[in-house]
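Structure, as structure tokens:
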């Protein structure tokens, strides 16, 4: 079953997620639904809070969006920044987008390397050092678990411009549905 992806400015996207206490049939079903939803929307990552499930679980598949060959599901992920490898920078600045922030992309600065600690769906702990796109994707998805969006990491000017665009869009949608107060008073 494909789940609805919450869209900014939905206030639920600001909610922090709770740790998963045990890998249950419900958690396994949610993992499958997250993957299906991520693939349906041609994403390379999706966090449980983006679909209104406030548990600490993320899915990523960097082979996407066209292929579906490398699905990874992490439960209760924790990221620790690592020093860069020799010759690398501490941070990468790349353009990001998000299924919860449609039609917008912006440059975001992220750690080049991180250590991932999490549980797999088998309940076993895992630990890996990751770099580059995988590091960026993990940081992006883990931000969702703490109620953060990539637009919380951009400049105030860019954020203000995006928020203005969203307000206009919402106002236009309300007008189309006859929901604006000035139209109801007529």
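The values are calculated or read from the model by the stated rules, or taken from the named source; none is laboratory data. As the structure is a prediction and not an experimental result, all values here were calculated from the model. Quick reminder, even Gly has a Cβ in these numbers, built from the backbone with ideal geometry, and neighbours come from all protein chains shown.
Brief remarks on what is shown
- Total residues in the stretch 115-126, condition in contact with a strand residue (DSSP E or B) (Cβ under 7 Å, 6 or more places away or on another chain) and farther than 24 Å from residue 51 by Cβ: 2
- Where residue 58 falls short, out of the listed (1) under 16 Å from residue 143 (Cα atoms); (2) surrounded by 15 or more Cβ atoms within 10 Å (Cβ to Cβ); (3) free of Cβ contacts under 8 Å to residues at least 40 places away in the same chain: (3)
- Residues within the stretch 34-55 that are in a helix (DSSP H, G or I) and surrounded by fewer than 18 Cβ atoms within 10 Å (Cβ to Cβ), tallied: 2
- Scoring residue 101 on the criteria (1) modelled with pLDDT of 95 or more; (2) surrounded by 15 or more Cβ atoms within 10 Å (Cβ to Cβ); (3) more than 26 Å from residue 28 (Cβ to Cβ); (4) in contact with a strand residue (DSSP E or B) (Cβ under 8 Å, 6 or more places away or on another chain) leaves a single failure, condition (4).
- Residue in the stretch 127-144 that is touching a residue at least 60 places away in the same chain (Cβ under 8 Å), out of contact with any strand residue (DSSP E or B) (no Cβ under 9 Å at 6 or more places or on another chain) and farther than 23 Å from residue 10 by Cβ present: no
- Annotation: of all residues in the stretch 98-126 being free of Cβ contacts under 8 Å to residues at least 24 places away in the same chain and under 15 Å from the mean Cα position of the chain (by Cα), the one that is nearest to residue 2 (Cα to Cα) is 103.
- Any hit, the stretch 58-76, residues being at pLDDT below 95 and part of a strand (DSSP E or B): no
- Just so you know, in the stretch 11-33 the residues that are in contact (Cβ under 8 Å) with a residue 24 or more places away in the chain and part of a loop (DSSP other than H, G, I, E, B) include one that is surrounded by the most Cβ atoms within 10 Å (Cβ to Cβ), and it is 17.
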